[in-house]
Amino acid sequence: MAATHTEVQGRRDGQGHDATPFLPGRRAGLPGLRKAAAQCRGCPLYREATQTVFGAGDADARVLLVGEQPGDQEDRQGRPFVGPAGRVLRRALADAGIDPEQVYVTNAVKHFKFTVPEGRKRRIHKAPTLREMTACRPWLAAELRVVAPTLVVALGGTAGKALLGPGFRVTEQRGALLPWPGLDESGDADGTGGADEGISGLVATIHPSAVLRATDRSAVYDGLVADLRLVADLLADGDGRARCDEGR
């Protein structure tokens, strides 16, 4: 049955919680995806956010890192990981032996979700819901299809849940090569087909913002670097496929 005008308009206003209608065709590269994402109304988060914050980095990267959502600075500047957490991430990547200029970084959710406490002006981060992550999933699938990384890194619990499901626990599953769960569920009709091709596995670690919140920043930072060093080792050894198959 064809959708009614009201249903179509609802999806266009973010009520349908699905970004699929806003995706360009399969031939679109990262510039085309970024341009289309700027007009996304796939969930209500676009209403309060300053702008869409699409992924950025090396379009041929072997490593694609997925965070939770843009922060305050990212929302203002329109680029991912440009705030304090981004600076921690870049330093950790370098210390782990991964060139920060040769990775692609993005977020599970492309709009900043926040709250403003009464009597204050500062916008406070608010974690996205599973429904909001699911709505934004087509953009991540499209990025994976175009970049075609060898390994994916989930930064923090929210990114892990977006990729591995609600049962994911970063404290239990970090620092190991996990089987790639598969993100491509809808074929080629919406331009996201092929999102899983060539991905050997996933490594989860903490979000770099956890370092900034920690009492013992040095110890938490060292843990982040250790997890990222595993990624560097897997890339040096090959694509990590054999190790991932052994772990199944």
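State which residue pairs qualify: first residue part of a loop (DSSP other than H, G, I, E, B) and inside region 155-170, second residue open to solvent by less than 20 Å² (accessible area, probe 1.4 Å) and not hydrophobic (A, V, I, L, M, F, W, C) in any location, beta carbons under 6 Å apart, and separation of 6 or more residues or different chains. If the second residue must be open to solvent by less than 20 Å² (accessible area, probe 1.4 Å) and not hydrophobic (A, V, I, L, M, F, W, C), the pairs left are F168/G160. When region 89-120 is filtered for residues that are polar (S, T, N, Q), part of a strand (DSSP E or B) and either surrounded by 13 or more Cβ atoms within 10 Å (Cβ to Cβ) or at pLDDT 95 or above (or both), the ones remaining, listed by number, are T106, N107. Quick one: in region 5-23, of everything that is at pLDDT 95 or above and open to solvent by 20 Å² or more (accessible area, probe 1.4 Å), which residue is farthest from the chain's Cα centre (by Cα)? Filtering first and then ranking leaves P21. For region 148-162, the tally of residues that are open to solvent by 10 Å² or more (accessible area, probe 1.4 Å) and of a type in the set (A, V, I, L, M, F, W, C) stands at 2. For A61, indicate whether it is modelled with pLDDT of 95 or more, within 17 Å of the chain's Cα centre (by Cα), surrounded by fewer than 16 Cβ atoms within 10 Å (Cβ to Cβ) and not polar (S, T, N, Q). No. Take the conditions (1) among the charged types (D, E, K, R); (2) in contact with a strand residue (DSSP E or B) (Cβ under 6 Å, 6 or more places away or on another chain); (3) at pLDDT 95 or above; R123 misses just one of them, which is (3).
With (1) modelled with pLDDT of 95 or more; (2) among the β-branched types (V, I, T); (3) under 25 Å from T20 (Cβ atoms) as the list, and I199 as the residue in question, which single condition is left unmet? Condition (1) is where I199 drops out. Taking the stated definitions as given, is D75 in contact with a strand residue (DSSP E or B) (Cβ under 9 Å, 6 or more places away or on another chain), modelled with pLDDT of 95 or more and within 20 Å of A135 (Cα to Cα)? Against the criterion (in contact with a strand residue (DSSP E or B) (Cβ under 9 Å, 6 or more places away or on another chain), modelled with pLDDT of 95 or more and within 20 Å of A135 (Cα to Cα)), D75 qualifies.
Residue-wise test of (1) modelled with pLDDT of 95 or more; (2) within 26 Å of A37 (Cα to Cα); (3) in contact with a strand residue (DSSP E or B) (Cβ under 8 Å, 6 or more places away or on another chain).
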| site | (1), (2), (3) |
| --- | --- |
| L140 | yes, yes, yes |
| L151 | yes, yes, yes |
| P181 | no, yes, yes |
| D184 | no, yes, no |
| L230 | yes, no, yes |
| L234 | yes, no, yes |
| G238 | no, no, no |
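Looking only at region 203-218, decide whether some residue is modelled with pLDDT under 95, of a type in the set (V, I, T), outside any helix (DSSP H, G or I) and open to solvent by less than 30 Å² (accessible area, probe 1.4 Å). Checked region 203-218: no residue is modelled with pLDDT under 95, of a type in the set (V, I, T), outside any helix (DSSP H, G or I) and open to solvent by less than 30 Å² (accessible area, probe 1.4 Å).
The values are calculated or read from the model by the stated rules, or taken from the named source; none is laboratory data. All values reported here derive from a predicted model rather than from experimental measurement. Neighbour counts are summed over all protein chains in view; Cβ atoms, including those assigned to glycine, are modelled from backbone coordinates with ideal geometry. Surface areas here come from the heavy atoms of the whole protein model, side chains and all, with no ligands, DNA or RNA. Shrake-Rupley method; radii C 1.70, N 1.55, O 1.52, S 1.80 Å.
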